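Quick notes on the structure that follows.
Here, each number is a calculation from the coordinates, and none is a lab measurement. What you see is a predicted model; the values in this text were computed from it and never measured. When we count neighbours, we look across all protein chains shown, and the Cβ atoms used for this are built from the backbone with ideal geometry, even at glycine.
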Amino acid sequence: MANPEPSSDNRPPEPARGGNRGYGSYGSYGQYGQGYGAYGAGYGSYGGGPRGGAGGASPISNYLLMLRERYWWVLLTSLVFLTLSLLNTYNTVPEFQATGRLRVFRLAPTINGGSSAADDNFKIVSNDDFFTAVEEMRSANIIESVSKRLTTDERKQILEPYQNGNYFSGPLTEQEVFAKQRSINPQRQTLVINVAFTHPTRDLSRKVAQLFCEAIKKNSEDGRLMMTNPLVEKARIEIETLEDKVRRLFEQKNDLIKNQKLLSIAKDTNTLTAERSVLVRDREETRKQIDENEILVLVIASYEQEGRSLGDIPQIRADTDVATTLTALSASKIRMSQMTEKYTDQHPTLVAEREALNQVDRQLREAVVQAVKSRRASLENAKARHEAILRNLVAKEEEISKLQAANVELERVDKDIRASEEFLGRMKLSYEDAKLRSSTSGTSTSISILDAPSVSDRPINKNYYYAALIGFGSGLLFGIVLVFVLGALDERIKSAADIEGSLGLPLIGTIPQVVRASGPDRALLARQESDRIATEAIRSIYSALKVNPAVSKARVFLLTSTRPSEGKTFVATNLAMIFAQHSERVLIIDADLRLPNVGPTLGFTGDAGLSKWFNGEIPLDDAIIREVAPGLDVLPVGLSCKNPTQVINHPKFLAMIDGFRERYDRIFIDSPPLGAVSDSLHLLPKVDGVIYIVRYNAVNLRHATSCLARLREAQAPLLGVILNAMSLRMASAYTDSYDSSYRKYYVDERGASSSPGPPKS
């Protein structure tokens, strides 16, 4: 049978404009009628109704579809950010904020009630003047003034929690820490300024905030003095210089005491002197021991040179071991003398006593040798101790010298401190007197402390409600951006716009995801009526194929796809079932010789089929399973083939298809996916039309385009695309076929709705 002219064109069909009649009003099925205009204004083609046309979805609609399809990403990121924000708040070190308030006057009064050009510089007459005064309060001079009024320990406690900074900023300077923790904010529509300082220690935060208020007030007064009375300002600068000198002297004194460990000068001096006296006494004793041992060593050397017995030396004889051995030797000699008178020389008793005498004599010589060694070792030990004592004595004398020098330096520093403090007191009295006598500066300032700083009862950084709001909002924003990025990168086919606009093929129809049926019931869903929505969708596809003039005369259909598991077998069996229900003789051929699926899906367990017929083992009629349903036959594969390409290209196989044309009205060939193998291309010369199956949200657009390009190169008669396993949740977003208003038409024989609802994830 000749292929239809329109379907053999290799070029992709152009999108319909104004609603062409190609797949327009299909009659009784609402989604294809005049009222809905086929595939509608959203995807704009193939409609004859008033909404048909080549319109495209707006960008806002695309973004809303992205959010609707991936809303769970937004929920997930929001929950994650919310949890992280709460955990971060929980683990954050609590900080307390002390806040005081300052009052800024528009005009600063003077003593004599007059005015001068210098006073005009400090008037607050506009917003610019006010915000200039605020910026002056934030200057580094104020921070330096506050830092000077803190003790070293207080400054260390303030800087310690923040000085390390973070990963990006690195270590922070003192100015940066104070500027970060201090805040100066004017109160709206008033001349009141809030001065705050934040720190983990409540008392420190209150004290530093108070110092900032006082420093700001003093800086304002000093600024007016500098402009109105330079002499008074000069005195103020001298006072600050002198205060700085006194502060440095105190730091020098503290460092001196700390480095030299001068807790008590007198106590340390007495201790070192006592330790030195002990070392001097030890030095004299070791010197005496060295002299005595040196004399003894000289005597020993003299005895050894003259060959005299070392045991005759009194110091050696006084050794304990030598003295004991000498006593034993004398007793042995006495016994020997007595036995000589009684016994002969060979008498055993006399012989034994003689051996004992010799043994004692040997012990005496060994004891003398050990005593000599001990005396020489004592000499070396005494010399070593003497040298160590001399070193310790020198070190102790150096410590005493340093202590005395440090004592002198400390006394000098104390004297300078007393003198400087006395002079500073006189300078301050003169300064206050000069201010009072100044006729232009006045004693009042343009700033006063309205409220002393008070500390909040709760930590300022432990607001869990605010943290939850920020975390959830950040997660929501991040999730939306993530959804838009994923949507922009997502190239999966999921709508008629993707099929008609990108693939260049008409959408024959969509089939929703089936969740209630499996096995043979799923393969013949159109007969079971267990899912009326899916059944009506398949019937709509049947109607589309029947009313299309280019398709109605086609008898052999090839069903293929891009990848496995897109539902080719499901579409082939159910579409064939619908044709059979309309009194046509229909045959399903399983052409997937590598992984046959038609037989197992329909529940066939035998091995009879196409492979045995091709090998000549059984006749063709025995390979066909007849009347699977009224008017529907199936030719399964049976056993998989080892050489599927050779089988499909064999003239015997092609002649079989020609023979089936005479016996059946419609033939549906379930072929392997084109993206995996090229078996489908070898069947193209014998088919009248190719129906391309695309699974919703599973096929990459580039892969599908590549496979369709191969079909177009082979001049395949492409009829269109069926979008399978459409999500009911997203169906209303991508198509009008599953509008909720259609639900009343999908009722079973008992009158109850058989809608399966959204598919389970």
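Which links in LYS494/LYS642; LYS207/LYS402; LYS568/LYS612 stretch past 29 Å when you go from one Cα to the other? Mind showing how you got there, number by number?
Numbers: LYS494/LYS642 36 Å; LYS207/LYS402 40 Å; LYS568/LYS612 24 Å.
Pairs exceeding the cut-off: LYS494/LYS642; LYS207/LYS402.
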Please give the peptides 577-587, 188-198 ranked by average Cβ packing (other Cβ atoms within 10 Å per residue), highest first, as a rough proxy for protection. 577-587, 188-198
Amide H neighbours of ALA698 under 5 Å, counting only residues 5+ apart in sequence or on other chains, H built in-plane at 1.01 Å? ILE493
Note, ³J(HN,Hα) from phi for region 487-503, Karplus 6.51, -1.76, 1.60, rounded to Hz, x at Gly and Pro: x, 5, 8, 6, 10, 7, 7, 8, 8, 5, 5, 5, 6, 6, x, 9, 7
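From the convex hull of the Cα coordinates of region 504-733, what is the mean projected area in square nanometres? Present the calculation step by step, with values, prior to reporting the outcome.
Values: hull surface 47.1 nm².
Taking a quarter of the hull surface, the average projection is 11.8 nm².
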Where the centroid of each part is defined by its Cα atoms, how far is region 349-407 from region 528-569 in Å? 115
Ordered by residue, what ³J(HN,Hα) values in Hz, to whole numbers, does region 62-77 give under the Karplus form 6.51 cos²θ - 1.76 cosθ + 1.60, where θ = phi - 60° and Gly and Pro are x? 4, 5, 5, 5, 4, 5, 5, 6, 10, 4, 5, 5, 5, 5, 5, 5
Using r as the Cβ-Cβ distance of GLN163 and ALA140, and R0 as 22 Å, what FRET efficiency do you calculate, to the nearest 0.05? 0.80
Given charges at Cβ of Lys, Arg, Asp, Glu: region 265-437 dipole, positive-most of ILE417, ALA274, ILE316: ILE417
tail above 15 Å in the computed P(r) of region 662-702, as % of all Cα-Cα pairs, reads 53
A correct fewest-to-most ranking of CYS707, CYS641 by other Cβ atoms within 10 Å would be CYS641, CYS707
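By average Cβ neighbour count within 10 Å, what is the ranking of 631-638, 698-705, 303-310, 151-158 from highest down? Don't jump to the answer; show the numbers that get you there.
Details: 631-638: 24.5, 698-705: 17.6, 303-310: 11.0, 151-158: 14.5.
Packing order, densest peptide first, comes out as 631-638, 698-705, 151-158, 303-310.
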The long-range amide H neighbours of VAL556, using H built 1.01 Å from N in the peptide plane and a cut-off of under 5 Å, are ILE667, ASP688, GLY689
Ordering of 534-545, 171-182, 600-611 by burial proxy (mean other Cβ atoms within 10 Å per residue, highest first): 534-545, 600-611, 171-182
Whole-percent tail of the Cα-Cα distance distribution for region 311-432, cut at 22 Å, equals 68
In order over region 303-314: 3J(HN,Hα) from phi, Karplus 6.51/-1.76/1.60, θ = phi - 60°, whole Hz, x for each Gly or Pro, gives 5, 5, 5, 7, x, 7, 6, 6, x, 7, 6, x
I need THR92, THR325 ordered by Cβ neighbour count within 10 Å, fewest first. THR92, THR325
If neighbour count is taken as other Cβ atoms inside 10 Å, put ILE143, ILE618 in order from fewest to most. ILE618, ILE143
